[in-house]
Structures are given as C-alpha cells and as structure tokens.
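First up is the structure itself, then whatever we jot down about it.
The values are calculated or read from the model by the stated rules, or taken from the named source; none is laboratory data. Being a predicted model, the structure only gives us computed values, none of them experimental. Here the Cβ is made from the backbone with ideal geometry for all residues, glycine too, and neighbour counts use every protein chain on show. These area figures cover heavy atoms from the full protein model, side chains too; ligands, DNA and RNA do not enter into them. Shrake-Rupley method; radii C 1.70, N 1.55, O 1.52, S 1.80 Å.
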Amino acid sequence: MNSSFWKNRNVFVTGASGLLGSSMVDKLLSQGANVTCLVRDWVHGSKLLESDNLMRCNTVRGELIDYELLLRGLNEYEINTVFHLGAQTIVGAASRSPLSTFEANIKGTWNLLEACRQCPSLIDRVIIASSDKAYGSHDNLPYTEETPLVGRFPYDVSKSCTDLISMSYFHTYNTPIAVTRCGNLFGPGDLNFNRLIPGTIQAAFDNESPIIRSNGLFIRDYFYVEDAVDAYLTLAERLPEEGIVGQDFNFGTETPLSVIELVNRILITMDKTELVPKILNQASHEIREQYLDCSKAKKLLKWQPTHTFNESIQHTIAWYTEFLEKERALAV
C-alpha cells in the first residue's frame, strides 16, 4: 500500500458503518483521503458512529436501491474511487427474507455500477466486494479465481450475481472494476452477534456455553479485517492498470479452520476452556467446506496478510471485552 496515494483523493464507501467499512474509512482518513460515506442505518455501537470519523466525512444517508441518490452522491462529491462494501451479509437473514437480500445485494450493485457509468470523467477505479460464497459448493478445494460461480442458496446467489453483473459492466462499458472474494471477515466492530466469532466471545464473556448452529465441522477461511483493508487498498492502487482491471482476486489466509476448532481457540485465548459449546446441528442453506487459494493476489499484487490468527483473535477479543464491559455497565 502506498501511503501517499490516497491524499486528497475523493473516495465513496458504501456499507461504511459495517465491519469492513468502518475500518476502511478509518484507514482512508489516516491516509488523507476525502471520504464520502453511504450510511443506511444508524447502528448503536458502530465503530464509525462511535468514533469522530463520521464527522470527518461527507455523509450520504440512504440505500443502495436508490439509484438517483447514488448518482447524486458520486457526481456532487466528484468521486474518483468507489469501494462497494455495502450488502446484506447475514446468511440466515438471506434465507428468511431473500427478497430484501436480492434487492440490496443485486439491485444495489447494478444501481451503483450504472451510476458509475454515468460519471466516466470522474471515476477511475471501482472495487466490488463479492465473497467466497459466490463460488457456491465445489468438491475441488481450495477455490481459485477460475472456479465457476454456482451459488445456490439466497446469500450465495446474491454474491454470484454481484460478481457477474460487475464483470458485465467491465466487459461491456469498460467500467474500471476489480472484484474481491474474501473469506469470513472478523475483527473489532462486528456487532452481528449471531455470527460465530462475536457470538462466541460474547457467550464466553458472560460465562455461557457458545452456540454452534452447525455440526461444528463446517470449514471456512477466517480473515482479519485489517488485512482485508490492506488488500482492498493495495488492489485499488493498481487500477486501472492492464492485467489488474477487470480481474477478480481471492483474499484470505489460506489456513482454514473448522467451526469447532475456531470456537475452542477462542475459549483457550479467553481462558474459558471449562465452557462446553452447544452443538445444535441445525444449519441449513450453507456450504459445508470453503477455503481459498490466494496465489493470484500474491503474484500479481505482491500482497499477503501480515497478521497471524493468534494476534488477530487477541486484538478482537480485547476490543469486544472493552465493548461488552461498557454495555453491561450502561445496563446496570
């Protein structure tokens, strides 16, 4: 990452109040960028809202399904770089209510890309957040970027479509796009406690047994958010370079863990090994094994993660411990 690259660049971040978005905004501001955030919900405890960062940004209040709002934001703030991180990211929510997920993730993506297409003199790079879920289920692992996109369940399909629509805009309209496919992001600031890592930390903090919805044997990449931010910025700095633009890149640690292994490592780190996870074996509409080959990013971008899992989970636990202590104190 080039620390001087972002100075005075006009950057638009969708999903700015989420886990990745909050950390992305923080990093961009530290590099001197002029950041405009798209914010839909005012989420209590969000790192973006609890810090003073939002006061240092332009804020566009609204949703990805509002095309005119997106076009106005890009045009009036003279955006040249777009990070499209906004999405409905909860797999269970997508299964319960697929329409809202399709609206946000699919329609939201084509709205943003069409708005970008209307501002060709301004926008010179667009990074689209897809997901390893876009690949769907395959017997041959790890996934490479050549693995077909065959999502079947609602969330997975929404990300497959995000990917395909993005590449359509590149190949048809030369929109300067690159797509990221990351493993399961974790780190400070994820307030979706129905996710595995926040939920396990919260349960251990409260001296309760963590809940595992699956059989505990599902396998995933777990990718620290600070490494993800570095990956996104490294990729963006190379656009619209030939050989990088119009490409998709896997980002992760290449060290997959089963759910039960992950939960046990958190319990060991928190010194709560007496707690026995409750395995519900109720997970449905989820892929059993997913992990990534990231050799393309290492070769073409000279990128690799810089945090070990142990230090990443320690930083994450420390943040949640402080957050939960404050929350409990306010509840008294």
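Only residues that are of a type in the set (Gly, Ala, Ser) and in a helix (DSSP H, G or I): list them for region 98-124, please. Explain how you work it out, then say what you get.
Here is the first cut: in region 98-124, the residues of a type in the set (Gly, Ala, Ser) are 100, 104, 108, 115, 121.
Within region 98-124, SER100, ALA104, GLY108, ALA115 meet the criteria.
Inside region 1-19, can you point out the residues that are open to solvent by less than 20 Å² (accessible area, probe 1.4 Å) and of a type in the set (A, V, I, L, M)?
Residues satisfying the conditions are VAL11, VAL13, ALA16.
Does region 91-99 contain any residue that is out of contact with any Gly (no Cβ under 9 Å at 6 or more places or on another chain), surrounded by 22 or more Cβ atoms within 10 Å (Cβ to Cβ) and among the hydroxyl-bearing types (Ser, Thr, Tyr)?
no
Looking at ALA104, ALA115, ALA94, which is the one that is modelled with pLDDT of 95 or more and under 30 Å from ILE287 (Cα atoms)?
The unique qualifying residue is ALA104.
Right, LYS298: of a type in the set (D, E, K, R) and at positive phi or not?
no
Report yes if VAL179 is farther than 22 Å from VAL43 by Cβ and assigned to a strand (DSSP E or B), otherwise no. If you could, list the steps in order and put the result at the bottom.
Numbers: farther than 22 Å from VAL43 by Cβ: yes; assigned to a strand (DSSP E or B): yes.
In short, yes.
Does SER166 satisfy the criteria of being surrounded by fewer than 24 Cβ atoms within 10 Å (Cβ to Cβ) and touching a strand residue (DSSP E or B) at 6+ places or on another chain (Cβ under 9 Å)?
Considered against the rule, which asks whether it is surrounded by fewer than 24 Cβ atoms within 10 Å (Cβ to Cβ) and touching a strand residue (DSSP E or B) at 6+ places or on another chain (Cβ under 9 Å), SER166 comes out as no.
Of the numbered conditions (1) out of contact with any strand residue (DSSP E or B) (no Cβ under 8 Å at 6 or more places or on another chain); (2) more than 30 Å from PRO176 (Cα to Cα); (3) not in a loop (DSSP other than H, G, I, E, B), HIS285 fails exactly one; give the number of that condition.
Tallying (1) out of contact with any strand residue (DSSP E or B) (no Cβ under 8 Å at 6 or more places or on another chain); (2) more than 30 Å from PRO176 (Cα to Cα); (3) not in a loop (DSSP other than H, G, I, E, B), HIS285 fails exactly one: (3).
Let me confirm something: among PRO240, PRO256, PRO198, which residue is closer than 21 Å to LEU141 by Cβ and either modelled with pLDDT of 95 or more or in contact with a Lys or Arg (Cβ under 6 Å, 6 or more places away or on another chain) (or both)?
None of the others qualify; the one that does is PRO256.
Just the residues that are open to solvent by less than 10 Å² (accessible area, probe 1.4 Å), in contact with a Pro (Cβ under 9 Å, 6 or more places away or on another chain) and in a strand (DSSP E or B), please, taken from region 219-267.
Passing the criteria: PHE223, ASN250, PHE251.
Mind checking which residues of region 71-89 are aliphatic (A, V, I, L, M), open to solvent by 20 Å² or more (accessible area, probe 1.4 Å) and touching a strand residue (DSSP E or B) at 6+ places or on another chain (Cβ under 6 Å)? Step through it out loud before you land on a result.
In the first step, residues of region 71-89 are kept if they are aliphatic (A, V, I, L, M); the result is 71, 74, 79, 82, 85, 87.
Then keep just the ones that are open to solvent by 20 Å² or more (accessible area, probe 1.4 Å); that gives 71, 85, 87.
Matches in region 71-89: LEU85 only.
Please go through region 24-40 and give me each residue that is open to solvent by 70 Å² or more (accessible area, probe 1.4 Å) and modelled with pLDDT under 95, ordered by number. Show your work before the answer.
Taking region 24-40 as the starting set, the residues that turn out to be open to solvent by 70 Å² or more (accessible area, probe 1.4 Å) are 26, 30, 40.
Of everything in region 24-40, just one residue is open to solvent by 70 Å² or more (accessible area, probe 1.4 Å) and modelled with pLDDT under 95, namely ARG40.
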